[in-house]
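Laboratory data are not the source of any read-out in this text; all were calculated from the coordinates shown. Remember, predicted model here, so these are calculated numbers, not experimental data. All Cβ positions, glycine included, derive from the backbone under ideal geometry; neighbour counts span all protein chains shown.
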Amino acid sequence: MCRGCYKEYGSPSIVNGTTVKMAEVIGEIYEFSCVGGNAHIVIDDWNLNDDSIRFCLKVCEENESCYSKEQINLEKVCLTTLLSMPLDQRASALAIHNGWLEIPSE
């Protein structure tokens, strides 16, 4: 959780269906691992660039026998989805997860 990292990304505040869902998925990953599991360098250290995400996807594949199938699948979904998102939405999803952006009430 790096508030400074969030600021370095320009403190984007995109709250939409995709960023909210990703914030939820990130929270589910932390239920398996308090440091973000195989997605650690992306979701815990805020390395949101494509290369870091691809690296974590490779780590997931290498560690399939070390973790539960549910955890690995969740991490892969998270990382693959983040990879498809623009950088400002990636940062926004993490900010929502960390409670720095509020989800508007309906």
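As an exercise: evaluate Gly17 against (1) surrounded by 13 or more Cβ atoms within 10 Å (Cβ to Cβ); (2) of a type in the set (Gly, Ala, Ser); (3) more than 12 Å from Leu94 (Cβ to Cβ) and give the number of the one condition it does not meet.
(1)
For the condition in contact (Cβ under 8 Å) with a residue 40 or more places away in the chain, outside any loop (DSSP other than H, G, I, E, B) and surrounded by fewer than 14 Cβ atoms within 10 Å (Cβ to Cβ), what is the one hit in Gly27, Gly10, Gly4?
Being in contact (Cβ under 8 Å) with a residue 40 or more places away in the chain, outside any loop (DSSP other than H, G, I, E, B) and surrounded by fewer than 14 Cβ atoms within 10 Å (Cβ to Cβ) holds for just one of Gly27, Gly10, Gly4, which is Gly27.
If a residue has to be charged (D, E, K, R) and either loosely packed, with under 14 Cβ neighbours inside 10 Å or in a loop (DSSP other than H, G, I, E, B) (or both) to count, how many in the range 66-95 make the cut?
We begin by selecting, within the range 66-95, every residue charged (D, E, K, R); these are 69-70, 75-76, 88, 90.
So of that shortlist, the ones also either loosely packed, with under 14 Cβ neighbours inside 10 Å or in a loop (DSSP other than H, G, I, E, B) (or both) come out as 69-70.
Qualifying residue count, the range 66-95: 2.
Can you tell me which residues in the range 31-63 are free of Cβ contacts under 8 Å to residues at least 12 places away in the same chain and surrounded by 15 or more Cβ atoms within 10 Å (Cβ to Cβ)?
Gly36, Asn47, Ser52
If I go through the range 96-106 residue by residue, how many of them are in a helix (DSSP H, G or I) and either within 10 Å of the chain's Cα centre (by Cα) or more than 19 Å from Ile41 (Cβ to Cβ) (or both)? Talk me through it step by step, then tell me what you get.
Keep residues of the range 96-106 that are in a helix (DSSP H, G or I), which gives 96-98.
Pick out the ones that are also either within 10 Å of the chain's Cα centre (by Cα) or more than 19 Å from Ile41 (Cβ to Cβ) (or both) and you get 96-97.
Number of matching residues: 2.
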